[in-house]
1. On the basis of being surrounded by 13 or more Cβ atoms within 10 Å (Cβ to Cβ), of a type in the set (A, V, I, L, M) and over 18 Å from A:Ala81 (Cβ atoms), does A:Ile40 make the cut?
2. If you take the residues of the stretch A:143-179 that are open to solvent by 60 Å² or more (accessible area, probe 1.4 Å) and among the basic types (Lys, Arg), which of them is farthest from the other protein chains (Cβ to nearest Cβ)?
3. Can you name every residue in the stretch A:3-17 that is open to solvent by 50 Å² or more (accessible area, probe 1.4 Å) and either assigned to a strand (DSSP E or B) or at pLDDT 95 or above (or both)?
4. Quick check: anything in the stretch B:158-168 part of a helix (DSSP H, G or I), within 20 Å of B:Thr224 (Cβ to Cβ), open to solvent by 40 Å² or more (accessible area, probe 1.4 Å) and acidic (Asp, Glu)?
5. Sort out which residues of the stretch B:89-126 are open to solvent by 20 Å² or more (accessible area, probe 1.4 Å), touching a residue at least 40 places away in the same chain (Cβ under 8 Å) and over 30 Å from B:Pro47 (Cβ atoms), and write them in order of number.
6. Of the conditions (1) surrounded by fewer than 21 Cβ atoms within 10 Å (Cβ to Cβ); (2) within 14 Å of another protein chain (Cβ to nearest Cβ); (3) part of a helix (DSSP H, G or I), A:Tyr140 satisfies every one except a single condition; which number is it?
7. Could you list, in sequence order, all residues of the stretch A:90-115 that are in a helix (DSSP H, G or I), more than 12 Å from A:Leu33 (Cα to Cα) and among the aliphatic types (A, V, I, L, M)?
Amino acid sequence: MTVEVTPQTFTFVSFDSAYILRIAQRLIGIFGLEDQNIRIDINETTPLGKMHVEFGDPIVINIQSGAFEDFSRPRQQSEPATTQSLGRILLKVSDRLSPEFADAPADEDLTLMQVAIWETYCVGRLSRHDIEINRQRWLYNFRNRHGFNDASDRAFEKIWNSDKLTWDQLQSISDTAVALAQ
Amino acid sequence: MRKFLPVEDLARDERFNQITMNDRMADQRTAITTDSRPSRAANRIVPSRADASDAARGLMHGIFVGEIQALEGAGRTCWDFTTGSEAPFELKLDMARQCWDEARHVEISCKLSDWMGSEIGEYAENTVLFQAACSNDPVLRLAGVNRALEGLAIDVFTTMKEFGEVAGDQYLEFAEDWMLADEVTHVKMGSDWLRKITENDPERRKKALDFQSVVDKLFSYGGTRSESQESPIGLARRFRELAGFDDQEIDVIADLSLAALEERKAAVLEAQAALN
């Protein structure tokens, strides 16, 4: 199966498509996605860092350049940011392809709270693959969506430390945190 | 000790990477959307934004490095000018008090960055703030730093305080509120000293206000700060009034900021047309 990165050369940013491809191939191997055709399209006209997946053949991952950028050196590529961003989105692809996430709403229908629980689930797993993750950054993101309280922090811990959750279980942890805080 | 330190000689450790306004202007990408639909066009840093946490972390780091440069600027004003002949003792006393405030702000911003999950040096340090503090006339420094730079700080702190309030982050809300109160005092100091020193020198006052206008325009670059929801940072009219800005002065900054936003949007459209 194939993995492709577009564009091959960049105008607005100093990114290396071969380097991105190597990182993607490594992560695809870790997450067992070798049987999928995947294309990674990078939008280099914006410094924002949004990512979006279109399922088909190939699976197309749209990524804005900010997701791979070193914020201390604008327009330069960051290896950790590239790894973390690709890791997060590829884990989401892996989840979406599994029956355990069949009930997950479409990306455009996810609430900000649902986005936060799924992101937490992804980065928690990434951190156990020897990929450097700033846990506090994601805790702050989770708190912003679930509240700054103990119930929210307990829910974060549970999701962060889990490897085999279904969408319904994720949603249930989130719902419980919100209910306890009220 | 050396007087009139150039921006290139600011002391920083290896965690920091400094960029200039030219570096920023060289980035042809833009976060400003040309989509006119309200849901797409709002860039204000509020918790309901999808990337709210990351946007707030970036702004917090900007505040942190801004506080360092404000400390350095006020400190230089205490040292660079001869007491009496070039700058009144009481003005230097105010600048010393401001240094005390800014040093506290650096510590608060550093702790808030930890709290939000950022690391020192994670974002580039734009040195434009200190550059505004390099004039060889103390009155121009008051205009550029205390009125333009600290005026921007009022807008930024108000945006962050409101972010904390809506998100339920009490640490952020209270810390920003306390720092905001200090910034209002700093702007007031600048306004008061500018009027006092140039009372009988209209030409010098005009020169200082022109310089402030230039700095305000620099800080409005790309429409980062304006009354439009398309700008990440709002213009805090009420707190600016408390700091000694009159309605006309605030209107001028509002117009300037909006013009910068429109200018940037036009440039984006042009760049996109060239691409297509």
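The values are calculated or read from the model by the stated rules, or taken from the named source; none is laboratory data. Keep in mind it's a predicted model, so treat the numbers as computed, not measured. Glycine also receives a Cβ, built like all others from the backbone with ideal geometry; neighbour counts cover every protein chain displayed. These area figures cover heavy atoms from the full protein model, side chains too; ligands, DNA and RNA do not enter into them. Shrake-Rupley method; radii C 1.70, N 1.55, O 1.52, S 1.80 Å.
1. On the way: surrounded by 13 or more Cβ atoms within 10 Å (Cβ to Cβ): yes; of a type in the set (A, V, I, L, M): yes; over 18 Å from A:Ala81 (Cβ atoms): no.
For A:Ile40, the condition - surrounded by 13 or more Cβ atoms within 10 Å (Cβ to Cβ), of a type in the set (A, V, I, L, M) and over 18 Å from A:Ala81 (Cβ atoms) - is not met.
2. Among those residues, the one meeting the criterion is A:Lys164.
3. We begin by selecting, within the stretch A:3-17, every residue open to solvent by 50 Å² or more (accessible area, probe 1.4 Å); these are A:4, A:8-9, A:11, A:14, A:16.
A:Glu4, A:Gln8, A:Thr9, A:Ser14, A:Asp16, listed by residue number.
4. Yes, the stretch B:158-168 contains a residue that is part of a helix (DSSP H, G or I), within 20 Å of B:Thr224 (Cβ to Cβ), open to solvent by 40 Å² or more (accessible area, probe 1.4 Å) and acidic (Asp, Glu).
5. B:Asp94
6. Unmet condition: (1).
7. A:Leu112, A:Met113, A:Val115
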